[in-house]
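Following: one structure in C-alpha coordinates, then a few remarks.
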Amino acid sequence: MRPIRAACLGTATALVTLLACVPVASATDHDNGHDKYKDRIITLTGRLAQQSRFPVNPAGPAAQGDRTVVRSLLFDEDDNQVGETGGFCTTTRVDNGGAEECVVTYTLPGGQITVQGMVFGHLIPGPPPSFDNAINGGTGKYDKARGWVHADTIAPNTRRFTIHLKF
(Lines give C-alpha, C1' and ligand atoms only; values in the text may rest on other atoms or scores of the structure.)
Protein backbone atom coordinates (compact mmCIF):
# COMPACT_ATOMS: atom_id res chain seq x y z
CA MET A 1 0.00 0.00 0.00
CA ARG A 2 1.45 3.38 -0.90
CA PRO A 3 1.95 5.82 2.00
CA ILE A 4 -0.66 8.45 2.68
CA ARG A 5 0.49 11.76 1.26
CA ALA A 6 -0.10 14.83 3.42
CA ALA A 7 -1.26 16.56 0.27
CA CYS A 8 -4.15 14.09 -0.03
CA LEU A 9 -5.99 15.47 2.97
CA GLY A 10 -8.74 16.13 0.47
CA THR A 11 -11.89 18.07 0.29
CA ALA A 12 -13.60 15.96 2.82
CA THR A 13 -11.44 17.35 5.57
CA ALA A 14 -12.40 20.62 4.58
CA LEU A 15 -15.46 20.03 2.85
CA VAL A 16 -15.54 18.92 4.04
CA THR A 17 -14.69 18.51 3.14
CA LEU A 18 -15.17 23.69 7.69
CA LEU A 19 -16.04 26.27 10.51
CA ALA A 20 -15.22 28.99 13.50
CA CYS A 21 -18.78 30.32 13.60
CA VAL A 22 -19.36 33.87 12.39
CA PRO A 23 -21.85 33.91 14.04
CA VAL A 24 -21.49 30.81 16.15
CA ALA A 25 -25.19 31.09 16.96
CA SER A 26 -25.93 30.01 13.42
CA ALA A 27 -24.47 26.59 14.08
CA THR A 28 -26.05 26.24 17.51
CA ASP A 29 -29.37 28.13 17.23
CA HIS A 30 -32.26 25.67 17.26
CA ASP A 31 -34.87 28.01 15.73
CA ASN A 32 -36.23 26.45 12.53
CA GLY A 33 -37.24 29.75 10.91
CA HIS A 34 -35.38 30.21 7.63
CA ASP A 35 -35.77 33.97 7.07
CA LYS A 36 -33.12 35.00 9.56
CA TYR A 37 -30.64 32.58 7.95
CA LYS A 38 -30.65 34.09 4.44
CA ASP A 39 -27.17 34.76 3.05
CA ARG A 40 -25.42 33.57 6.22
CA ILE A 41 -21.73 32.84 6.56
CA ILE A 42 -20.56 30.20 9.05
CA THR A 43 -16.85 29.74 9.67
CA LEU A 44 -15.61 26.58 11.40
CA THR A 45 -12.33 24.79 11.98
CA GLY A 46 -12.12 21.16 10.90
CA ARG A 47 -9.61 18.79 12.45
CA LEU A 48 -8.92 15.49 10.74
CA ALA A 49 -10.15 12.60 12.90
CA GLN A 50 -9.83 9.66 10.46
CA GLN A 51 -8.53 9.14 6.95
CA SER A 52 -8.33 5.94 4.92
CA ARG A 53 -6.92 5.59 1.41
CA PHE A 54 -7.93 2.94 -1.07
CA PRO A 55 -5.44 3.06 -3.97
CA VAL A 56 -6.11 1.41 -7.31
CA ASN A 57 -2.41 0.42 -7.53
CA PRO A 58 -1.42 -0.34 -3.92
CA ALA A 59 2.30 -0.60 -4.70
CA GLY A 60 2.34 2.02 -7.45
CA PRO A 61 1.87 5.70 -8.10
CA ALA A 62 -1.38 7.64 -7.74
CA ALA A 63 -4.01 6.55 -10.26
CA GLN A 64 -7.42 7.54 -11.52
CA GLY A 65 -9.95 5.89 -9.21
CA ASP A 66 -7.90 6.18 -6.00
CA ARG A 67 -10.30 6.88 -3.15
CA THR A 68 -9.90 8.67 0.17
CA VAL A 69 -12.49 8.49 2.95
CA VAL A 70 -12.30 11.15 5.66
CA ARG A 71 -13.95 12.24 8.88
CA SER A 72 -13.24 15.55 10.61
CA LEU A 73 -14.47 17.16 13.80
CA LEU A 74 -15.82 20.72 13.49
CA PHE A 75 -15.12 23.47 16.04
CA ASP A 76 -16.46 27.00 16.47
CA GLU A 77 -14.37 30.11 17.20
CA ASP A 78 -14.40 29.27 20.94
CA ASP A 79 -13.00 25.78 20.20
CA ASN A 80 -16.28 24.05 21.08
CA GLN A 81 -17.01 20.98 18.99
CA VAL A 82 -20.19 21.75 17.02
CA GLY A 83 -20.31 18.92 14.51
CA GLU A 84 -18.40 16.70 12.15
CA THR A 85 -17.87 15.97 8.48
CA GLY A 86 -17.82 12.68 6.66
CA GLY A 87 -17.09 12.12 3.01
CA PHE A 88 -15.00 10.68 0.23
CA CYS A 89 -12.88 11.86 -2.68
CA THR A 90 -12.09 9.99 -5.88
CA THR A 91 -9.04 10.85 -7.98
CA THR A 92 -10.11 11.78 -11.51
CA ARG A 93 -6.77 12.99 -12.89
CA VAL A 94 -3.13 12.38 -11.90
CA ASP A 95 -1.35 14.78 -14.30
CA ASN A 96 -0.89 18.53 -13.66
CA GLY A 97 -1.02 18.10 -9.87
CA GLY A 98 -4.04 15.85 -9.86
CA ALA A 99 -7.75 16.39 -9.39
CA GLU A 100 -10.35 14.69 -7.26
CA GLU A 101 -14.14 14.79 -7.03
CA CYS A 102 -15.35 15.00 -3.43
CA VAL A 103 -18.70 14.52 -1.69
CA VAL A 104 -18.92 15.60 1.97
CA THR A 105 -21.71 15.94 4.53
CA TYR A 106 -21.41 18.47 7.36
CA THR A 107 -23.43 17.44 10.41
CA LEU A 108 -24.26 20.48 12.53
CA PRO A 109 -26.79 21.28 15.26
CA GLY A 110 -30.18 21.44 13.58
CA GLY A 111 -29.33 19.56 10.40
CA GLN A 112 -26.86 18.55 7.73
CA ILE A 113 -25.33 20.30 4.72
CA THR A 114 -24.18 18.31 1.69
CA VAL A 115 -21.29 19.57 -0.45
CA GLN A 116 -19.75 18.34 -3.69
CA GLY A 117 -17.07 19.47 -6.11
CA MET A 118 -13.57 19.25 -7.50
CA VAL A 119 -10.27 19.78 -5.71
CA PHE A 120 -7.29 20.50 -7.94
CA GLY A 121 -3.61 20.03 -7.05
CA HIS A 122 -4.06 17.45 -4.29
CA LEU A 123 -0.99 15.51 -5.52
CA ILE A 124 1.37 18.48 -5.27
CA PRO A 125 3.70 18.15 -2.25
CA GLY A 126 2.97 20.54 0.60
CA PRO A 127 -0.22 21.66 2.32
CA PRO A 128 -3.47 20.65 0.64
CA PRO A 129 -4.78 23.34 -1.72
CA SER A 130 -7.65 25.71 -1.01
CA PHE A 131 -10.89 24.96 -2.82
CA ASP A 132 -14.51 26.01 -3.29
CA ASN A 133 -17.28 23.40 -3.53
CA ALA A 134 -21.03 23.73 -4.10
CA ILE A 135 -23.65 23.20 -1.42
CA ASN A 136 -26.14 20.72 -2.91
CA GLY A 137 -28.72 20.96 -0.15
CA GLY A 138 -29.36 20.03 3.42
CA THR A 139 -31.72 18.80 6.09
CA GLY A 140 -33.43 20.38 9.10
CA LYS A 141 -32.82 24.11 9.31
CA TYR A 142 -30.55 23.78 6.25
CA ASP A 143 -33.20 22.06 4.08
CA LYS A 144 -33.27 24.86 1.51
CA ALA A 145 -29.55 25.59 1.65
CA ARG A 146 -27.57 26.52 -1.42
CA GLY A 147 -24.26 28.30 -1.78
CA TRP A 148 -20.67 27.18 -1.47
CA VAL A 149 -17.95 26.18 0.97
CA HIS A 150 -14.45 27.64 0.80
CA ALA A 151 -11.69 25.62 2.51
CA ASP A 152 -8.16 26.69 3.48
CA THR A 153 -5.48 24.60 5.17
CA ILE A 154 -4.41 26.52 8.29
CA ALA A 155 -2.20 23.90 10.00
CA PRO A 156 -1.32 20.22 9.50
CA ASN A 157 -4.57 18.20 9.41
CA THR A 158 -6.58 21.38 10.08
CA ARG A 159 -8.75 23.41 7.73
CA ARG A 160 -10.85 26.53 8.01
CA PHE A 161 -14.22 26.09 6.31
CA THR A 162 -16.22 29.15 5.36
CA ILE A 163 -19.78 28.14 4.52
CA HIS A 164 -21.63 30.69 2.38
CA LEU A 165 -25.30 29.82 2.82
CA LYS A 166 -28.10 31.04 0.56
CA PHE A 167 -31.68 30.02 1.32
* Structure fact -> Residue-normalised value, i.e. accessible area per residue, for the stretch 43-86 at 1.4 Å probe, in Å², stands at 49
* Along the three principal axes, how long is the stretch 89-167 when you take its alpha carbons, biggest first, rounded to the nearest angstrom? -> 39, 26, 16
* Structure fact -> Packing-ranked peptide list from 49-59, 97-107, highest mean Cβ count within 10 angstrom first, is 97-107, 49-59
* For the stretch 49-130, would you read off the P(r) tail past 14 Å as a percentage of all alpha carbon pairs? => 67
* What nm value, rounded to one decimal, do you get for the distance between T90 and V56 when each label is placed 7 Å out toward the C-beta? -> 1.1
* How far apart, in nm, are the 7 Å Cα→Cβ label points at N136 and N157? -> 2.8
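So with the 1.4 Å probe, I'd like the accessible area per residue for the stretch 101-167, rounded to whole Å².
On the way: 2770 Å² over 67 residues.
Averaged over the residues of the stretch 101-167, the accessible area is 41 Å².
The values are calculated or read from the model by the stated rules, or taken from the named source; none is laboratory data. As the structure is a prediction and not an experimental result, all values here were calculated from the model. Neighbour counts run over all protein chains shown; Cβ positions are idealised from the backbone, glycine included. Just so you know, the surface numbers come from the protein's heavy atoms only, side chains and all, with ligands and any DNA or RNA stripped out. Shrake-Rupley method; radii C 1.70, N 1.55, O 1.52, S 1.80 Å.
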